[in-house]
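Input: a single structure, listed below in structure tokens.
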Amino acid sequence: MSGSPLRVAFIGLGNMGGGMAANQAKAGRTVSAFDLSAAARDRAAAGGCKPASTVAEAVAEADVVITMLPAGPHVRSVYAEQILPNAPKSALLVDCSTIDVESARAVAAQATQAGFRFADAPVSGGSTAADAGTLAFMVGCLEPDFAEVEAAVQPMARAVIRAGDHGAGQAAKICNNMLLGISMIGVCEAYALAERLGLDPQKFFDIASQSSGQCWSLTTYSPWPGAVPTSPANRNYEGGFATAMMLKDLKLAQEAAAAAGAATPLGAQAEGLYALFDRLGGGGKDFSAILQMLRGRLGEVPGA
């Protein structure tokens, strides 16, 4: 990846993909970007990318194709119908979507059969990290391909870890986000109980953040407004990681658990609670806003 600027095709410019594509451009790479949304393409242009009118146009001369799409069926169809028939066989294909393991392995097999190198590389960190270029990448790929995958995603990353072969990145992401969903509910329940017991929420944070209850959901992403500067709670739970996306990931985890015969009772409970919060109108808010449902203060979440 030396010499002339790397040519990157970026497909999917939503809350995550938009910032990721912009960081590729900031790194001096030539980025051809596509999304079905004209507004998203306009934002990509403002971020230094060259908007493409179709996926085929975006990938036609790419050294690397990066996708960030909503779900497994989208990934399957976009690769089968638009990327594999139109991208150069020399292109490295990196899917950063969060999808089911079976779909990731199916697309990898199809790409490999067609002569491409492929990696599933879902991310952790939310839209704030996507904008800042500090995402954590969990990569499933053949070992000889990892160094090139790492170099391809470097402008968007603070950490890039190979989880194993194809599908392993998605397995890691599903397990990680199940843990995240469970831990956030635990933090929210603790805040709600502390409040009912008459304990000042900031005092609870000060104590718990220095005690055995300390975790990322508390100290980096506290759901109580004002406790942590980086938390979406300070922005009326806007941005960050939407409840609807957390629910999607928890559903993927439960589907995977059922297929593998794994016991995940807390994961199932977390899915149920986030499904309820979504039905009550919280789907567009950051997932930490579930605190207000657990406090019985759902009306204090604007838009919910």
Candidates (1) 46; (2) 57; (3) 39; which is the computed percent of Cα pairs over 26 Å apart? (1)
Most mobile of ALA52, ALA262, ALA192 in a GNM of the chain (Cα contacts under 10 Å): ALA262
Bin width 5 Å, origin at 0, all Cα-Cα pairs of segment 111-259: what percent of pairs per bin? 2, 9, 15, 18, 17, 15, 11, 7, 4, 2, 1, 0, 0
Cα centroid separation, segment 1-52 to segment 171-191 (Å): 31
Antiparallel content of DSSP bridges confined to segment 123-170, in %, to 5: 25
Approximate spin-label separation LYS203-ALA259, in nm, with each point projected 7 Å along Cα-to-Cβ: 5.0
Treat each spin label as a single point 7 Å out from the Cα along the C-beta direction, and report the GLU57 to ALA80 distance in nm. 2.6
Estimated vicinal HN-Hα couplings, Hz - segment 224-238 in sequence order (Karplus 6.51, -1.76, 1.60; Gly, Pro = x): 8, x, x, 6, 9, x, 7, 7, x, 4, 6, 10, 6, 6, 8
At a probe size of 1.4 Å, how large is the accessible area of THR230, to the nearest 10 Å²? 80
Counting only DSSP beta bridges fully inside segment 71-219, the antiparallel percentage to nearest 5 is 25
Per 0.36 nm of contour for each residue apart, how much would the distance between GLU102 and ALA45 grow if the chain were fully extended, relative to their Cα-Cα spacing? 17.1 nm
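Share of antiparallel DSSP beta bridges in the chain, in percent to the nearest 5?
Values: 4 of 29 bridges.
The antiparallel fraction comes to roughly 15 percent.
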Can you give the extra length, in nm with one decimal, that the chain gains between GLU238 and GLN154 once fully stretched, where that is 0.36 nm per residue apart less the Cα-Cα distance? 27.5 nm
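So which chymotrypsin sites (Phe, Trp or Tyr not before Pro) in segment 49-131 end up in coil per DSSP with only 11 or fewer other C-beta atoms within 10 Å? Could the numbers behind the result be given before it?
Values: sites: TYR79, PHE116, PHE118; in loops: PHE116.
The qualifying sites: there are none.
The values are calculated or read from the model by the stated rules, or taken from the named source; none is laboratory data. Please read these numbers as outputs of a predicted model, since none were measured by experiment. All Cβ positions, glycine included, derive from the backbone under ideal geometry; neighbour counts span all protein chains shown. To get the accessible areas, we keep the full protein, side chains included, count just its heavy atoms, and leave off ligands, DNA and RNA. Shrake-Rupley method; radii C 1.70, N 1.55, O 1.52, S 1.80 Å.
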